[in-house]
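A short write-up of the structure that comes next.
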């Protein structure tokens, strides 16, 4: 997990997340994870649909098609997939990012996990595992800029129902 909380794109994400509604955040996180992180996981584990199901059930929750407990069962399956992907750091980080994106249905602060895990999934996938941590971190922070830009692209200005987030409890 990327842990540089003081990095500009991470701080920018945190501040912007605080201004948005849960629906906006869930939609953004689930969409971004499906486009950018699901392919990384699926490339290594094409028969495992648990991350895809987590995203589908988060969308179903967003559309009031299922209740939270039903969606959470599929999200927990995604977290289990991440736990099992120990031999592939890119796929593991992608599954963790997907699980966090889907988990934003019950707490908005999970949407930050999209960047913290997902940016590293892309770094590991693109750079491989032979690079130093500093190289992976620099690449991941660049990806965080893209994730921030994606949220900025869907953010509602003067959102009347922003989430309440306690980042460091």
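Inside the stretch 51-74, can you point out the residues that are in contact with a helix residue (DSSP H, G or I) (Cβ under 9 Å, 6 or more places away or on another chain) and part of a loop (DSSP other than H, G, I, E, B)?
Step one: list which residues in the stretch 51-74 are in contact with a helix residue (DSSP H, G or I) (Cβ under 9 Å, 6 or more places away or on another chain), which gives 51-62, 65-68, 70-74.
Matches in the stretch 51-74: 65, 66, 67.
Give the residues of the stretch 6-19 that are buried (at least 21 other Cβ atoms within 10 Å of the Cβ) and more than 23 Å from residue 92 (Cβ to Cβ), sorted by residue number. Even if it seems obvious, please write down each step before you answer.
Let us first name the residues in the stretch 6-19 that are buried (at least 21 other Cβ atoms within 10 Å of the Cβ), namely 9-10, 13, 17.
The one that is buried (at least 21 other Cβ atoms within 10 Å of the Cβ) and more than 23 Å from residue 92 (Cβ to Cβ): 17.
Have a look at 82, 97, 101, 93 and point out the one that is over 23 Å from residue 129 (Cβ atoms) and surrounded by 22 or more Cβ atoms within 10 Å (Cβ to Cβ).
Details: 82 fails: over 23 Å from residue 129 (Cβ atoms); 97 fails: over 23 Å from residue 129 (Cβ atoms); 93 fails: over 23 Å from residue 129 (Cβ atoms).
The match here is 101.
Could you look through the stretch 117-158, keep only residues that are without any contact (Cβ under 8 Å) to a residue 24 or more places away in the chain and either in contact with a strand residue (DSSP E or B) (Cβ under 7 Å, 6 or more places away or on another chain) or not in a helix (DSSP H, G or I) (or both), and pick out the one that is surrounded by the most Cβ atoms within 10 Å (Cβ to Cβ)?
131
Quick one: would you say residue 62 is out of contact with any strand residue (DSSP E or B) (no Cβ under 8 Å at 6 or more places or on another chain), within 26 Å of residue 23 (Cβ to Cβ), surrounded by fewer than 18 Cβ atoms within 10 Å (Cβ to Cβ) and in contact (Cβ under 8 Å) with a residue 12 or more places away in the chain?
Yes, satisfied.
Can you pull out the residues in the stretch 1-50 that are in a helix (DSSP H, G or I) and more than 17 Å from residue 102 (Cβ to Cβ)? Before the answer, list the steps.
Here is the first cut: in the stretch 1-50, the residues in a helix (DSSP H, G or I) are 8-17, 22-36, 38-44, 50.
If the condition is that a residue be in a helix (DSSP H, G or I) and more than 17 Å from residue 102 (Cβ to Cβ), then 8, 9, 10, 11, 12, 13, 14, 15, 16, 43, 44 are the ones that fit.
None of the figures in this text is laboratory data; all of them are computed from the coordinates on show. Treat the numbers as computed from the prediction; the structure is a model and nothing was measured. Counting neighbours? That spans all protein chains shown, and the Cβs are built from the backbone with ideal geometry, glycine included.
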